[in-house]
Amino acid sequence: REYYSLSSPQHHFATGMKLMERYNMDSVEREFMLARDLDGDFAPAYAGLAMVFSVRGDFDRALQELQKAREKSKTEADTAAVALGTIKVYTDIYVADKAKGEALSWLQVAEEAYRKAGRYDSNDPALHFWMGRAYKAAGKYDGAEEAFRQVKKLKGPYSPLASEELKFLSRMKAKKKN
């Protein structure tokens, strides 16, 4: 577990990600904006803002922020944050507009981002959680189940959400058998 100064962009990004679990988007956006304001070159802040705009359905703005994040990405930690944003944004686009998602090759983009981030930090529960959601959206339930099980194995704040997703997948499998 890493600790950051309370006035650092890293702290505000980490806080924003914790708040993301609760979908309190105003607070999440505030934290990512504080991170960006403290360091205009802090790529994770832009990746975080991309996720906020994505949740709100402003996909053009989300993709713009994601592009800024890619351009500012310098470190492996930046790459992991950008990958996390990429998975979330492209999945949200697909869920909202399947044709647009398919035109953007959303699942291939998300899987590539997942592989990239996994090379840096395969123990990030958020990474596995959002990829699990991507697989679930794609109807790839085995991949989703594997990702959610990894979240539970790693424990942490995404564990209860992963448990709920696993229950849903179990019900889906039971329906398919009947």
Query raised in the report: Between 9, 20, 45, whose Cα lies farthest towards the positive end of the dipole of segment 3-67 when Lys and Arg beta carbons carry +1 and Asp and Glu beta carbons carry -1, centred on the Cα centre?
Result: 20
Query raised in the report: Using θ = phi - 60° and the Karplus form 6.51 cos²θ - 1.76 cosθ + 1.60, what ³J(HN,Hα) does each residue of segment 42-53 get, whole Hz, x for Gly and Pro?
Result: 7, 3, x, 4, 5, 4, x, 4, 4, 5, 4, 4
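Do you know the relative contact order of segment 50-178, to the nearest whole percent, from alpha carbon pairs under 8 angstrom that are 6+ apart? Show your work: numbers first, answer last.
Details: 153 pairs, mean separation 23.1, N = 129.
Contact order relative to length: 18 percent.
For segment 1-102, which chymotrypsin sites (Phe, Trp or Tyr not before Pro) pass both filters: DSSP loop (anything but H, G, I, E, B) and at most 10 other C-beta atoms within 10 Å? It would help to have the intermediate numbers written out before the result.
Working: sites: 3, 4, 13, 23, 32, 42, 46, 53, 59, 90, 94; in loops: 3, 4, 23, 42.
Those satisfying the criteria are 3, 23.
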Query raised in the report: Could you list log10 I(q)/I(0) for segment 75-176 at q = 0.11, 0.16, 0.18, 0.19 Å⁻¹, which the Debye formula gives when each Cα is one point scatterer?
Result: -0.31, -0.65, -0.81, -0.89
Query raised in the report: Taking the inverse of the average 1/r across all pairs of different Cα atoms in the chain, what Kirkwood radius in Å do you get?
Result: 16.2 Å
Report summary line: For segment 105-147 the mean separation of alpha carbon contacts under 8 Å (6+ apart) over residue count, i.e. relative contact order in percent, is 34 percent
Report summary line: Longest principal axis of the chain (C-alpha) makes with the long axis of helix 59-72 (C-alpha) an angle, in degrees to the nearest 10, of 60 degrees
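Which semi-axes, in whole Å and largest first, does the equivalent ellipsoid of segment 26-94 have when worked out from the alpha carbon gyration tensor as the square roots of 5 times its eigenvalues? Write out the running numbers ahead of the final one.
Numbers: eigenvalues 59, 39, 16 Å².
Gyration-tensor ellipsoid for segment 26-94: 17, 14, 9 Å.
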Query raised in the report: By a straight-distance test (C-alpha under 17 Å), which lysines pair with residue 175 as possible cross-link partners, with residues fewer than eight away in the same chain excluded?
Result: 136, 140, 167
Query raised in the report: Just how large is the dipole of the chain about the Cα centre, in debye to the nearest 20, putting +1 at every Lys and Arg Cβ and -1 at every Asp and Glu Cβ?
Result: 960 debye
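Read-outs throughout are calculated quantities, based only on the coordinates presented, and are distinct from any laboratory measurement. None of these values were measured; they are calculated from a predicted model. For neighbour counting, all protein chains shown are included, and Cβ atoms are generated from backbone atoms with ideal geometry for every residue, glycine included.
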